Amino acid sequence: LLKSAVRDGNPVIMHEGEMLYNTKGEVPEEEYLVPIGVADLKREGGHCSIIAHGKMALVAMQVADTLAKDGIGVDVVDLRTLRPLDIDAISASVRKTNRAVVLEEGWEFCGIGAQVADYIQRECFDDLDAPVLRVHQEDVPMPYAKNLERAAKPDAAKAIAAVRKVMYLDQQ
(Lines give C-alpha, C1' and ligand atoms only; values in the text may rest on other atoms or scores of the structure.)
Protein backbone atom coordinates (compact mmCIF):
# COMPACT_ATOMS: atom_id res chain seq x y z
CA LEU A 1 0.00 0.00 0.00
CA LEU A 2 2.90 2.34 0.74
CA LYS A 3 4.29 1.69 -2.76
CA SER A 4 0.89 2.48 -4.24
CA ALA A 5 0.73 5.71 -2.25
CA VAL A 6 4.22 6.80 -3.34
CA ARG A 7 3.49 6.04 -6.99
CA ASP A 8 0.09 7.74 -7.02
CA GLY A 9 0.00 11.09 -8.78
CA ASN A 10 -2.36 12.58 -6.20
CA PRO A 11 -1.70 13.68 -2.63
CA VAL A 12 -1.98 10.67 -0.32
CA ILE A 13 -2.00 10.51 3.46
CA MET A 14 -0.91 7.19 4.88
CA HIS A 15 -1.42 6.26 8.50
CA GLU A 16 0.18 3.09 9.76
CA GLY A 17 -0.22 1.67 13.23
CA GLU A 18 3.08 1.07 14.97
CA MET A 19 1.48 -1.79 16.91
CA LEU A 20 1.39 -3.72 13.61
CA TYR A 21 5.15 -3.57 13.02
CA ASN A 22 5.80 -6.99 14.56
CA THR A 23 2.97 -8.68 12.63
CA LYS A 24 4.17 -11.59 10.53
CA GLY A 25 2.62 -12.98 7.38
CA GLU A 26 3.24 -14.22 3.88
CA VAL A 27 4.85 -11.78 1.44
CA PRO A 28 5.14 -12.60 -2.28
CA GLU A 29 8.66 -12.84 -3.74
CA GLU A 30 7.79 -10.66 -6.74
CA GLU A 31 6.88 -7.00 -6.58
CA TYR A 32 3.20 -6.35 -5.97
CA LEU A 33 1.00 -3.33 -5.27
CA VAL A 34 -2.09 -3.05 -3.13
CA PRO A 35 -4.59 -0.95 -5.08
CA ILE A 36 -5.84 2.22 -3.40
CA GLY A 37 -9.59 2.18 -2.85
CA VAL A 38 -10.00 -1.61 -2.96
CA ALA A 39 -10.94 -3.48 0.21
CA ASP A 40 -9.81 -7.02 0.90
CA LEU A 41 -12.28 -9.77 1.80
CA LYS A 42 -10.01 -11.59 4.23
CA ARG A 43 -12.51 -14.28 5.16
CA GLU A 44 -15.85 -15.43 3.81
CA GLY A 45 -18.88 -16.43 5.83
CA GLY A 46 -22.61 -16.20 5.56
CA HIS A 47 -23.83 -15.12 9.00
CA CYS A 48 -22.47 -11.62 9.61
CA SER A 49 -20.10 -9.04 8.10
CA ILE A 50 -17.34 -7.49 10.17
CA ILE A 51 -15.97 -4.34 8.56
CA ALA A 52 -12.64 -3.17 9.97
CA HIS A 53 -9.38 -1.44 9.08
CA GLY A 54 -5.84 -1.35 10.42
CA LYS A 55 -5.13 -3.33 13.57
CA MET A 56 -8.80 -4.16 13.99
CA ALA A 57 -8.70 -6.26 10.80
CA LEU A 58 -6.42 -8.65 12.70
CA VAL A 59 -8.81 -8.65 15.65
CA ALA A 60 -11.66 -9.39 13.21
CA MET A 61 -9.75 -12.44 11.98
CA GLN A 62 -9.39 -13.67 15.58
CA VAL A 63 -13.12 -13.16 16.03
CA ALA A 64 -13.82 -15.13 12.84
CA ASP A 65 -11.62 -18.01 14.05
CA THR A 66 -13.35 -18.11 17.43
CA LEU A 67 -16.87 -17.91 16.01
CA ALA A 68 -16.10 -20.60 13.41
CA LYS A 69 -15.69 -23.06 16.29
CA ASP A 70 -19.37 -22.41 17.09
CA GLY A 71 -20.43 -22.81 13.47
CA ILE A 72 -20.78 -19.07 12.85
CA GLY A 73 -19.20 -17.87 9.61
CA VAL A 74 -18.38 -14.19 9.21
CA ASP A 75 -17.17 -12.11 6.32
CA VAL A 76 -14.14 -10.06 7.33
CA VAL A 77 -13.81 -6.97 5.15
CA ASP A 78 -10.51 -5.12 5.59
CA LEU A 79 -11.11 -1.63 4.22
CA ARG A 80 -7.35 -0.98 3.75
CA THR A 81 -8.05 2.54 2.47
CA LEU A 82 -10.57 5.03 3.80
CA ARG A 83 -10.77 7.56 1.02
CA PRO A 84 -11.70 6.30 -1.46
CA LEU A 85 -13.79 3.86 0.53
CA ASP A 86 -14.66 0.60 -1.23
CA ILE A 87 -18.42 0.86 -0.84
CA ASP A 88 -18.99 -1.95 -3.34
CA ALA A 89 -17.12 -4.43 -1.12
CA ILE A 90 -19.03 -3.27 1.96
CA SER A 91 -22.38 -3.50 0.16
CA ALA A 92 -21.67 -6.93 -1.33
CA SER A 93 -20.76 -8.37 2.05
CA VAL A 94 -23.70 -6.87 3.94
CA ARG A 95 -26.17 -7.88 1.23
CA LYS A 96 -24.85 -11.44 1.49
CA THR A 97 -24.92 -11.75 5.29
CA ASN A 98 -27.74 -9.30 6.12
CA ARG A 99 -25.91 -8.24 9.29
CA ALA A 100 -23.02 -5.88 10.00
CA VAL A 101 -20.61 -5.14 12.83
CA VAL A 102 -18.23 -2.22 12.31
CA LEU A 103 -15.03 -2.66 14.31
CA GLU A 104 -12.62 0.24 14.82
CA GLU A 105 -10.01 1.45 17.29
CA GLY A 106 -11.27 5.02 17.34
CA TRP A 107 -13.82 6.71 19.54
CA GLU A 108 -17.52 6.46 18.78
CA PHE A 109 -18.05 10.14 17.95
CA CYS A 110 -17.22 11.22 14.39
CA GLY A 111 -15.11 8.17 13.59
CA ILE A 112 -14.58 6.19 10.43
CA GLY A 113 -16.89 3.54 11.88
CA ALA A 114 -19.67 6.11 12.15
CA GLN A 115 -19.33 6.88 8.45
CA VAL A 116 -19.30 3.20 7.48
CA ALA A 117 -22.31 2.42 9.69
CA ASP A 118 -24.15 5.42 8.23
CA TYR A 119 -23.48 4.19 4.71
CA ILE A 120 -24.66 0.65 5.52
CA GLN A 121 -27.80 1.90 7.26
CA ARG A 122 -28.70 4.17 4.33
CA GLU A 123 -27.69 2.04 1.35
CA CYS A 124 -28.26 -1.51 2.61
CA PHE A 125 -31.25 -0.88 4.87
CA ASP A 126 -33.62 -3.24 3.04
CA ASP A 127 -31.03 -6.03 3.24
CA LEU A 128 -30.44 -5.76 7.00
CA ASP A 129 -32.00 -8.26 9.39
CA ALA A 130 -30.63 -6.42 12.43
CA PRO A 131 -29.35 -2.95 13.28
CA VAL A 132 -25.72 -2.21 12.45
CA LEU A 133 -23.61 -2.48 15.60
CA ARG A 134 -20.35 -0.66 16.23
CA VAL A 135 -17.48 -1.82 18.41
CA HIS A 136 -15.09 1.00 19.24
CA GLN A 137 -12.98 2.56 21.96
CA GLU A 138 -14.85 3.70 25.04
CA ASP A 139 -15.62 7.42 25.15
CA VAL A 140 -12.94 8.19 27.73
CA PRO A 141 -9.47 9.73 27.56
CA MET A 142 -6.93 6.98 26.90
CA PRO A 143 -5.79 5.71 30.31
CA TYR A 144 -2.17 4.85 31.08
CA ALA A 145 -2.78 1.97 33.44
CA LYS A 146 -2.61 -1.27 31.41
CA ASN A 147 -5.78 -2.77 32.89
CA LEU A 148 -7.77 0.41 32.20
CA GLU A 149 -6.32 0.67 28.69
CA ARG A 150 -7.49 -2.88 27.97
CA ALA A 151 -10.96 -2.01 29.28
CA ALA A 152 -11.15 1.09 27.07
CA LYS A 153 -9.99 -0.52 23.81
CA PRO A 154 -12.12 -2.67 21.51
CA ASP A 155 -11.14 -6.33 21.54
CA ALA A 156 -12.18 -9.74 20.25
CA ALA A 157 -14.53 -10.42 23.18
CA LYS A 158 -16.47 -7.19 22.56
CA ALA A 159 -16.66 -7.93 18.84
CA ILE A 160 -17.84 -11.49 19.44
CA ALA A 161 -20.57 -10.17 21.73
CA ALA A 162 -21.67 -7.73 18.99
CA VAL A 163 -21.82 -10.47 16.33
CA ARG A 164 -23.83 -12.70 18.63
CA LYS A 165 -26.16 -9.79 19.38
CA VAL A 166 -26.87 -8.95 15.71
CA MET A 167 -27.54 -12.64 15.14
CA TYR A 168 -30.02 -12.58 18.04
CA LEU A 169 -28.08 -15.30 19.84
CA ASP A 170 -27.54 -13.14 22.92
CA GLN A 171 -29.89 -10.43 24.06
CA GLN A 172 -28.07 -7.68 25.94
**Report entry** Residues that are within 16 Å of Ile50 (Cβ to Cβ) and hydroxyl-bearing (Ser, Thr, Tyr), drawn from segment 73-130
**Finding:** Ser91, Ser93, Thr97, Tyr119
**Report entry** Residue tally, condition within 18 Å of Ser93 (Cα to Cα) and either open to solvent by 70 Å² or more (accessible area, probe 1.4 Å) or more than 13 Å from the chain's Cα centre (by Cα) (or both), over segment 106-119
**Finding:** 3
Report task. Kindly list, by first and then second residue, each pair from a residue in segment 130-157 that is over 22 Å from Leu67 (Cβ atoms) to a residue that is aliphatic (A, V, I, L, M) and surrounded by fewer than 14 Cβ atoms within 10 Å (Cβ to Cβ), limited to pairs with Cβ atoms under 6 Å and residues at least 6 apart or on different chains. Result -> Ala152/Val140
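Residues are listed down the side, and each one gets a yes or a no for (1) at pLDDT 95 or above; (2) open to solvent by less than 60 Å² (accessible area, probe 1.4 Å):
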site: Val27; (1), (2): no, no
site: His47; (1), (2): yes, no
site: Leu58; (1), (2): yes, no
site: Ala68; (1), (2): yes, yes
site: Ser91; (1), (2): yes, yes
Report summary line: The one condition Ala130 fails out of (1) touching a strand residue (DSSP E or B) at 6+ places or on another chain (Cβ under 6 Å); (2) modelled with pLDDT of 95 or more is (1)
Query - Matching residues, segment 91-119, being among the β-branched types (Val, Ile, Thr) and either out of contact with any Ser or Thr (no Cβ under 8 Å at 6 or more places or on another chain) or farther than 23 Å from Pro35 by Cα (or both) - result: Thr97, Val101, Val102, Ile112, Val116
Requested in this report: List every residue pair whose Cβ atoms lie under 7 Å apart, where the two residues are 6 or more positions apart in sequence or sit on different chains, the first residue falls within segment 33-57 and is among the small types (Gly, Ala, Ser), and the second residue, located anywhere, is in a helix (DSSP H, G or I) and open to solvent by 60 Å² or more (accessible area, probe 1.4 Å).
Outcome: Gly46/Lys96
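Here is a list: Asp170, Asp155. Which entry is among the acidic types (Asp, Glu) and farther than 25 Å from Gly17 by Cα? Reasoning before the result, please.
Details: Asp155 fails: farther than 25 Å from Gly17 by Cα.
After applying the criteria, what remains is Asp170.
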Query raised in the report: Just wondering, is there one or more residues in segment 64-84 that are free of Cβ contacts under 8 Å to residues at least 12 places away in the same chain, of a type outside the set (A, V, I, L, M, F, W, C) and part of a helix (DSSP H, G or I)?
Result: yes
Report task. Identify all residues within segment 133-164 that are within 15 Å of the chain's Cα centre (by Cα) and acidic (Asp, Glu); write none if there are none. Result -> Asp155
Requested in this report: Determine the pairs where a residue that is more than 11 Å from Thr81 (Cα to Cα) and assigned to a loop (DSSP other than H, G, I, E, B), located within segment 1-28, has a partner that is open to solvent by less than 80 Å² (accessible area, probe 1.4 Å) and not hydrophobic (A, V, I, L, M, F, W, C) with Cβ atoms under 7 Å apart, the partner being 6 or more residues away or on another chain.
Outcome: Gly17/Gly54; Gly17/Lys55
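The values are calculated or read from the model by the stated rules, or taken from the named source; none is laboratory data. Bear in mind that the values here come from a model prediction, so they are computed numbers and not experimental data. Using ideal geometry, Cβ is built from the backbone for each residue, glycine included, and neighbour counts are taken over all protein chains shown. In case anyone asks, the SASA skips ligands and DNA or RNA and just uses the protein heavy atoms, side chains included. Shrake-Rupley method; radii C 1.70, N 1.55, O 1.52, S 1.80 Å.
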